[in-house]
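What follows is a single structure, written as structure tokens, with notes after it.
The values are calculated or read from the model by the stated rules, or taken from the named source; none is laboratory data. The structure displayed is predicted, hence computed values, not measured ones. We place every Cβ from the backbone using ideal geometry, glycine too, and count neighbours over all the protein chains shown.
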Amino acid sequence: MRSPEEWTSVAGLVERVVGEEDLLPSVVAGVRTMVREVAALPTADMTGHTRALLFAATRALADRRGPSEAELTFVEDLAVTRARQGVPIEAVLRAIHVAERAIWARARETAPAAGVAPDLLLDARELYDDWAEAVRSRLITAHRAARAGRDPGAGERDAAILRRLLEGGSAAALAAAEAGLPTAGGLWALAARADDPNAAAALERALREQPPALCAGIDGLLAAVLARPPAPRAGRAGTTAGLAGPAEPEELPAAWRLALDALAAAESSGRTGVVHVAEVPALVALAGRPDLAAVLADRHRPAWHALGANAVPVALAVSAWLEADRDVGAAAERLFVHPNTVRNRVQRFTDVTGVDPATTFGAVDAWWLCGTWLSQA
């Protein structure tokens, strides 16, 4: 019985082989020569799919398992893509077979130097063949369904791929390959409100003008995963968006959460355009600690009651004043009141709470407290 370390060594060998600079280009060139039906496909398209399939296969080898549902979902998407491109399923299977032969031949050549015994490599190939058989079966089924016209529309497909990207893990790596997103420099996650259809559409157009980018509506938001930061034009689309990145595909769930946090922080501080989470880290940190916000509000509950009917106007004045960098005139204009009204309300807040918002940490506590008050009002 093979040990886990032996299977890991084989998976490492295949990964090293695939990582060799000259291998994939030569494999793709051989496939295009031998399988005429795929000769017109872009090299980047074929290289990306080949790399993603091999990545999934090596993970399966290391874990001694068949293909996961996430991997089979990627296979289905590949089948749909090739069906839409008019590539017959026979050609798809031949192309994969040619690539497999070339890669395993290279693995046999380099195995001795890597300390992988021939019998271990043979066992790994048998396990790979089991994995590949399940993949071929799903390819055939999905390709036939797509040719029969049962594949989802482009918008639905983009949303499905985007959801897989935001799930992270191996599913995200496969989805990135399917979407044609290069991952060498990391990926960027963007979140924006879709409440204003015109503004959301303008932002989406701006993002798509700088490909590669994948955009779709998800849970009432405009979600996007980009291969590079959005161009300045996206910031002028008339809406607010949160941005996080760069991140590896496997880490996109964390980047997506940070993009959502950046969106909420930007909206709470009245910022517009595309706001990277690194531009609002303090606001994001405060928003992420509702337990401390509750403690802060409880500590100053007597002050809230002492303010009575003026509690909300005072909280609004302090928040506006701090968010305007303590500019009384700007805060007054935002609230449609006289500047002296802002001054008086800020002073009233200081008197009842004992918190001085003119100091650095006092300003943080005051802004946090007022925001908590307003959210509970």
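Kindly indicate the residue of the stretch 252-277 that is at pLDDT below 90 and part of a helix (DSSP H, G or I) and also surrounded by the fewest Cβ atoms within 10 Å (Cβ to Cβ) among those meeting that condition.
Glu267
Considering only residues that are of a type outside the set (Gly, Ala, Ser) and surrounded by 20 or more Cβ atoms within 10 Å (Cβ to Cβ), look in the stretch 324-356 and name the one that is farthest from Arg271 (Cα to Cα).
Step one: list which residues in the stretch 324-356 are of a type outside the set (Gly, Ala, Ser), which gives 325-328, 333-353, 355-356.
Filter again for surrounded by 20 or more Cβ atoms within 10 Å (Cβ to Cβ), leaving 342, 345-346, 349, 353, 355.
Working: Val342: 21, Arg345: 24, Val346: 22, Phe349: 25, Thr353: 28, Val355: 26 Å.
This residue is Thr353.
Among the numbered conditions (1) surrounded by 19 or more Cβ atoms within 10 Å (Cβ to Cβ); (2) under 29 Å from Ala159 (Cα atoms); (3) modelled with pLDDT under 80, tell me where Leu61 comes up short.
Every condition holds for Leu61 apart from (2).
Pro67 fails exactly one of the following numbered conditions: (1) at pLDDT below 80; (2) closer than 19 Å to Glu167 by Cβ. What is the number of that condition?
(1)
If I filter the stretch 79-87 for residues that are in contact (Cβ under 8 Å) with a residue 12 or more places away in the chain, over 16 Å from Gly180 (Cα atoms) and assigned to a helix (DSSP H, G or I), do I get at least one hit?
Step one: filter the stretch 79-87 for residues in contact (Cβ under 8 Å) with a residue 12 or more places away in the chain, giving 79-85, 87.
Narrowing further to those that are over 16 Å from Gly180 (Cα atoms): 83, 87.
From what's left, assigned to a helix (DSSP H, G or I): 83.
The answer is yes; a qualifying residue exists.
Which numbered condition trips up Trp321, out of (1) closer than 29 Å to Ala199 by Cβ; (2) surrounded by fewer than 17 Cβ atoms within 10 Å (Cβ to Cβ); (3) not assigned by TED's automatic domain parsing to the domain that holds Ala206?
For Trp321, the failing item is (2).
I'd like the full set of residues that are touching a residue at least 60 places away in the same chain (Cβ under 8 Å) and closer than 14 Å to Glu178 by Cα, limited to the stretch 207-229.
Hit for the stretch 207-229 is Val225, nothing else.
What pairs come up if the first residue lies in the stretch 291-305 and is closer than 12 Å to Trp373 by Cβ, the second is surrounded by fewer than 19 Cβ atoms within 10 Å (Cβ to Cβ), and their beta carbons are under 6 Å apart, counting only those six or more places apart or on different chains?
Final answer for the pair search is Ala303/Val352.
All but one of (1) at pLDDT 85 or above; (2) over 30 Å from the mean Cα position of the chain (by Cα) hold for Ile96; which doesn't?
(2)
Using the structure shown, decide if Glu69 is loosely packed, with under 15 Cβ neighbours inside 10 Å, of a type outside the set (S, T, N, Q), free of Cβ contacts under 8 Å to residues at least 12 places away in the same chain and within 16 Å of Arg138 (Cβ to Cβ). Lay out the reasoning, then the answer.
Values: loosely packed, with under 15 Cβ neighbours inside 10 Å: yes; of a type outside the set (S, T, N, Q): yes; free of Cβ contacts under 8 Å to residues at least 12 places away in the same chain: yes; within 16 Å of Arg138 (Cβ to Cβ): yes.
Against the criterion (loosely packed, with under 15 Cβ neighbours inside 10 Å, of a type outside the set (S, T, N, Q), free of Cβ contacts under 8 Å to residues at least 12 places away in the same chain and within 16 Å of Arg138 (Cβ to Cβ)), Glu69 qualifies.
Give the number of residues within the stretch 7-22 that are in contact (Cβ under 8 Å) with a residue 24 or more places away in the chain and surrounded by fewer than 17 Cβ atoms within 10 Å (Cβ to Cβ). Can you show your working first?
We begin by selecting, within the stretch 7-22, every residue in contact (Cβ under 8 Å) with a residue 24 or more places away in the chain; these are 7-18, 20.
Checking the rest, the ones that are also surrounded by fewer than 17 Cβ atoms within 10 Å (Cβ to Cβ) come to 8, 12, 15-16, 20.
So the answer is 5.
When you check Phe55 against the structure, is it aromatic (Phe, Trp, Tyr) and either closer than 20 Å to Val27 by Cα or at pLDDT below 80 (or both), yes or no?
Values: aromatic (Phe, Trp, Tyr): yes; either closer than 20 Å to Val27 by Cα or at pLDDT below 80 (or both): yes.
Spelling it out, Phe55 is indeed aromatic (Phe, Trp, Tyr) and either closer than 20 Å to Val27 by Cα or at pLDDT below 80 (or both).
Out of the residues in the stretch 26-42 meeting the condition of being surrounded by 12 or more Cβ atoms within 10 Å (Cβ to Cβ) and within 29 Å of the chain's Cα centre (by Cα), tell me which one is modelled with the highest pLDDT.
Val28
For the stretch 134-247, please list each of the strands (runs of 3 or more DSSP E) lying entirely inside it that holds at least 1 residues being at pLDDT 85 or above and surrounded by fewer than 18 Cβ atoms within 10 Å (Cβ to Cβ). Even if it seems obvious, please write down each step before you answer.
Working: elements: 187-193, 213-218, 221-226, 240-247.
In the stretch 134-247, 187-193, 213-218, 240-247 are the strands (runs of 3 or more DSSP E) which contain 1 or more residues that are at pLDDT 85 or above and surrounded by fewer than 18 Cβ atoms within 10 Å (Cβ to Cβ).
Report the residue count in the stretch 278-302 for those that are under 21 Å from Pro229 (Cβ atoms) and either part of a helix (DSSP H, G or I) or aromatic (Phe, Trp, Tyr) (or both). Walk me through how you get there before you give the answer.
So in the stretch 278-302, the residues under 21 Å from Pro229 (Cβ atoms) come out as 278-281, 283-284.
Narrowing the set further to residues that are either part of a helix (DSSP H, G or I) or aromatic (Phe, Trp, Tyr) (or both) leaves 278-279, 281, 283-284.
Residues that pass the stated criteria total 5.
Right, Glu209: touching a Cys at 6+ places or on another chain (Cβ under 6 Å) and either closer than 21 Å to Ala52 by Cα or not hydrophobic (A, V, I, L, M, F, W, C) (or both) or not? If you could, list the steps in order and put the result at the bottom.
On the way: touching a Cys at 6+ places or on another chain (Cβ under 6 Å): no; either closer than 21 Å to Ala52 by Cα or not hydrophobic (A, V, I, L, M, F, W, C) (or both): yes.
The answer is no for Glu209.
Go through (1) among the small types (Gly, Ala, Ser); (2) without any contact (Cβ under 8 Å) to a residue 60 or more places away in the chain; (3) not in a strand (DSSP E or B) for Ala315 and report which single condition fails.
Among (1) among the small types (Gly, Ala, Ser); (2) without any contact (Cβ under 8 Å) to a residue 60 or more places away in the chain; (3) not in a strand (DSSP E or B), the lone unmet condition for Ala315 is (2).
Restricting to the stretch 101-127, what's the tally of residues that are touching a Lys or Arg at 6+ places or on another chain (Cβ under 9 Å) and more than 20 Å from Leu53 (Cα to Cα)?
Result for the stretch 101-127: 4.
Name the single residue, out of those in the stretch 69-93 being over 27 Å from the mean Cα position of the chain (by Cα) and of a type in the set (Val, Ile, Thr), that is nearest to Ala175 (Cα to Cα).
This residue is Val92.
Under 7 Å between Cβ atoms, which residue pairs at least 6 apart in sequence (or on different chains) link something in the stretch 98-125 that is assigned by TED's automatic domain parsing to the domain that holds Val17 and within 12 Å of Leu23 (Cα to Cα) with a partner that is assigned to a helix (DSSP H, G or I) and charged (D, E, K, R)?
Short answer, once both residue conditions are applied: Trp104/Arg125.
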